[in-house]
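Student: Before I ask anything, let me first share the structure, which is written out below as structure tokens.
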Amino acid sequence: MKKLMKLAMILMLGTILLTGCGAKKKTLAESVTVHVTALKGPTAMGMVDFMDKSEKGEITDNTYQFEIVSAVDEVTPKLVQGKTDIAAVPANLASVLYNNTNADVQVLAINTLGVIYIVESGDTISDISDLKGKTIYASGKGATPEYALNYILTQNNIDPETEVTIEWKSEHAECLSALMANENAIAMLPQPFVTTAQTKSEKIRVALDLTEEWEKLGVDSALLTGVVVARKEFVEQNPAAVQAFLEHYEISVNNVNKNIKDAATLIEKYDIVPAPVAVKAVPNCNIVFITGEEMKQKLSGYLKVLSEQNPKAIGGMLPADDFYYGL
């Protein structure tokens, strides 16, 4: 009799344990609300297909709440305070956040390569060497545009301090005004400002793509604009939701790049830029979806270049391996 009772208790305990395991698996797959924030511009463009499908109820695995903001200053507190779970941010800001939040931020994917171009209202620039002795109107001093330009010039044996004149403006719009006002003027501009400039004057042409110029240097990195990050706590608590987000996001990026007219309509719908500008800008915005080892290689190399110029640009030090999701 005692043996039978003992056996019954063992069977009951086993049932409870199995039920508990089943409940745990179910919890991991439960629908959750995912708060997503993106910066207005190229870093948000790749999300518009995802946003539209979610809004229409075509994506039902989780509830996705998207918000597009105009300034970096609006994104940072949302992440730090836990008000957003996933965010599309400048690549160097991801490192700054990691270093300033006790490694509480992970990068999920690269979503935008370089979107910086040298443009001119003339026809004098066809190679980096042609910039020697010229004046370049630019904005972004103390940020990625300055570091990228300095790096590319230096690697091409041009001293940015003595062999070119860089007139720093406070905004991209000021560079655009200078470009329009002066014949044979040269400016460093990002997309979609390049396309906006070309819609205002047929004289303005793209002379150099700084992403291509970076690649010509043959280093294990890339000129980057944006990445997608997530709070580490959210990643650890919701692994299935993070994976689902990435799958939807990859499909969205592919659709934006393949169906540019449809994407442009959505880009206007979400008040990023007008559709006519988006149609011309998207092919030059280098919208991508890069994860895993390739993400780590390109991003870590890029951050190293910035760190060598100014450690503060990446938050003081290079992130550790736990910065890179999935590795």
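Student: Which of the residues belonging to the range 47-92 are in contact (Cβ under 8 Å) with a residue 60 or more places away in the chain, closer than 13 Å to R231 by Cα and open to solvent by 20 Å² or more (accessible area, probe 1.4 Å)?
Tutor: Across the range 47-92, the qualifying residue is only G82.
Student: Then there is this: Since L299 meets every condition but one in (1) open to solvent by less than 70 Å² (accessible area, probe 1.4 Å); (2) out of contact with any Gly (no Cβ under 9 Å at 6 or more places or on another chain); (3) over 19 Å from L97 (Cβ atoms), which condition does it not meet?
Tutor: (3)
Student: Next question. Are there strands (runs of 3 or more DSSP E) fully within the range 69-155 with at least 1 residues that are at pLDDT below 90? List them. Spell out how you get there, then give the answer.
Tutor: Numbers: elements: 86-90, 105-113, 116-120, 135-139.
Where strands (runs of 3 or more DSSP E) fall fully within the range 69-155 and carry at least 1 residues being at pLDDT below 90, they are 135-139.
Student: Looking only at the range 255-274, decide whether some residue is farther than 23 Å from Q65 by Cβ, touching a residue at least 40 places away in the same chain (Cβ under 8 Å) and open to solvent by less than 40 Å² (accessible area, probe 1.4 Å).
Tutor: no
Student: Kindly provide the set of residues from the range 308-325 that are over 25 Å from V256 (Cα atoms), of a type outside the set (A, V, I, L, M, F, W, C) and open to solvent by 30 Å² or more (accessible area, probe 1.4 Å), ordered by number.
Tutor: E308, Q309, N310, P311, K312, G316, D321, D322
Student: Filter the range 137-166 down to the residues that are exposed (fewer than 15 other Cβ atoms within 10 Å of the Cβ) and within 22 Å of A197 (Cβ to Cβ) and list them by number.
Tutor: Within the range 137-166, K141, T165 qualify.
Student: Right, next: What number of residues within the range 175-194 satisfy the criterion of being at pLDDT below 90 and either in a helix (DSSP H, G or I) or among the hydroxyl-bearing types (S, T, Y) (or both)?
Tutor: 8
Student: So, one more: Give the range 41-80 a look and list any residue that's closer than 24 Å to Y324 by Cβ and of a type in the set (S, T, N, Q), or say none.
Tutor: Listed by number, the residues that qualify are T43, N62, T76.
Student: A further question on this structure: I'd like to verify a number: residues in the range 224-237 that are surrounded by fewer than 20 Cβ atoms within 10 Å (Cβ to Cβ) and either of a type in the set (D, E) or not in a helix (DSSP H, G or I) (or both), how many?
Tutor: Residues meeting the conditions: 2.
The values are calculated or read from the model by the stated rules, or taken from the named source; none is laboratory data. What you see is a predicted model; the values in this text were computed from it and never measured. Positions of Cβ are backbone-derived with ideal geometry, glycine not excepted, and every protein chain shown enters the neighbour counts. Protein only, heavy atoms only, side chains kept; ligands, DNA and RNA dropped before computing areas. Shrake-Rupley method; radii C 1.70, N 1.55, O 1.52, S 1.80 Å.
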